[in-house]
1. Given H placed 1.01 Å from N in the peptide plane, which residues other than close sequence neighbours of Thr43 have an amide H under 5 Å from its amide H?
2. Sort 49-60, 30-41 by packing, meaning the average of other beta carbons within 10 Å per residue, with the highest value first.
3. Size of segment 11-75 along its principal axes in angstrom, Cα-based, largest extent first?
4. Below 15 angstrom from the Cβ of Arg36, what's the summed charge of the other residues (Lys, Arg +1; Asp, Glu -1)?
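Bear in mind that the values in this text are calculations on the coordinates, not laboratory data. These numbers were taken from a predicted model, which means no experiment stands behind them. Cβ placement follows ideal geometry from the backbone for every residue including glycine, while neighbour counts extend to all protein chains displayed.
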Amino acid sequence: MSDAMAEDNVGYKVVAATVVALFLSFAAVIMRFIARRYQGMRTYWEDWFIYAGLVCKLGIDVGGIMRELKRVNCFKASRLIIHSAEQWTRKTPRHIDA
């Protein structure tokens, strides 16, 4: 596999890891909010800082994901498709002689 193909795979792995981390952080904040409401507690200043931090994380992560997808798709996706097609067409079927 060429360096460009390995770089593309790393880009998609970074995007996947970012999406998983973003999902987990949203789940944790939502569970905290539900727990506060369930216990009858008010939202205090630390909760608002958590919400603000989550909004900042969302903005940073979405920007990074978009930049990474743009880099991978616009500049290297055509080479990835061509490389995959070449690899697939090089495979010759095995014939069983009867």
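1. Excluding prolines and chain starts, which carry no amide H, there are no hits.
2. On the way: 49-60: 12.4, 30-41: 10.5.
Ranked by mean Cβ neighbours within 10 Å, highest first: 49-60, 30-41.
3. 52, 17, 10
4. On the way: positive: Arg32, Arg37, Arg42; negative: Glu46, Asp47.
With Lys, Arg at +1 and Asp, Glu at -1, the net is +1.
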